[in-house]
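Data block below; observations after.
The values are calculated or read from the model by the stated rules, or taken from the named source; none is laboratory data. As the structure is a computational prediction, the values presented were derived from the model and not from experiment. Ideal geometry is used to build each Cβ from the backbone, glycine not excepted, and the neighbour counts take in all protein chains shown.
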Amino acid sequence: MKTESSTVTVSDITPVKFNELYSKYKETLSCPCSTTSISYKNFVSNTIKLHPVCSSRFVSQEWIHALYSLNASRYGASDFRTTASSQFEILSSFCSLAQDIVNHTENDVGSNEFVTIYLLAGIQVEHESSFILHGISQINSTLISCVCATNPDCQTAAVIYGNSPSVLAYLDASFIYEMPGFIRGCLNSDSLLQSTLQCLYTESNSDCFARLLTYTSRFNPTFEPNRSVVDLHPLVYDSTWSHFPPNTSMSIIFREMMLEQWNQSVSYTKFYKSCAPTYCTYHQKIRTKTIVGIFITLLSTIGGLAVSLRLITPHFVKLLFKLWAMIRKRKQKQQKQQEHQGNH
C-alpha cells in the first residue's frame, strides 16, 4: 500500500470548528487571516499596580510641605526631620516617573502590530503576546546608583532628637527615637535608596507611624494629624498580591520601577474576530494501491472466482441437463397429443 497527501478545504470556520481541526491536524492546518496586521490593543489588556505608597497621601504635596522647614538643618545630619521633606519629594518623583514609564510602555505596546498570516491557537497567541512584554516589569535604571559606593559604611540610622538639639547632642547620639527603616546617607537620594517604608505600615511597627505624625506636628505646628487636609492613613501590606514586604529596601523597589503587578489579559475571542478567517486547509494522508498491488488484487480475485466456479459448475451442469430433459419430455408429450387428435 502507498500513502498520498490530499488537501482538504473547510469553509464556514468558527472558533469551535477551528479548535476541532487544530486538535486533529495542527501540524498541517492553515487558516489564512483576512488581515495580516492586528493591533495589540485590539485583544490585549493590562492590569498594572504600582507600590501602594504611590497612591497614598505620603507622596502628596501637602505631606511634603508639612515636613518642610527652613531651619531643618538645626536638628543635625542624622535627624529624620532634616531631610524628610526632600526624601518624600524624591519618592513622589519616582512614583511619577514610574507611572510615566508604565503609561508610555503600555501605549507603545498597544500601538504595536501583531503580524500573522494565519490564525493561531489560543496558547500561541498568549505566548507571542507575553513575549513582547517580557522584561518590562523589571527595568534597571541608571538613576539608581549610590554615589557613596566607595564607602560601604556611609549610612547611619535616622533618628529624632529632642526639641532643642545641639551639635554636642548629635555627637553624643542622645536621640529620643530611632526611626525604623529610615537610613541617613551622604545624600538625600542615597538615604531614600537605603531606607525601607516599614514605618508607614502599621503591621510592621504600629508605634513608628504614630510617632511620625506626632513629631511632624511638633516640627510643623500647622500640621494637625486629626484635622489635616493630608488625611494620612498607614499603608496596608497584602501578601496575596504584593511582592514588596514592608522591610524591602527602596533601591529594590525602584529597580523594579515600583511595579507590584503587571497582569496581562489576552482575549482570544477578540483576536479571532480581528483575524476573521473564512476557510481552513489541512493535509490528510490516504492509502492508494500501486500497479503491483492492483495486479495482486486482480489475481486474488480471479483465483477466488476460479475456486468458486469449480465448486458451482458441476451442480450447474446437472441443473441444465435436468431442465433440458424436462423440456424434451414436454415437447414429446405435446407431439403425441397432436398426433392422436389427427387420427380422430
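Side notes on the structure shown:
- The single condition from (1) modelled with pLDDT of 90 or more; (2) part of a loop (DSSP other than H, G, I, E, B) that S251 fails is (2).
- Members of region 228-269 found to be surrounded by fewer than 15 Cβ atoms within 10 Å (Cβ to Cβ) and charged (D, E, K, R), listed by number: D231, D238
- Candidates F271, F295 - the one that is modelled with pLDDT of 85 or more and outside the structural domain of R81 (by TED's automatic domain parsing): F271
- S69 vs. criteria modelled with pLDDT of 90 or more and under 19 Å from L212 (Cα atoms): no
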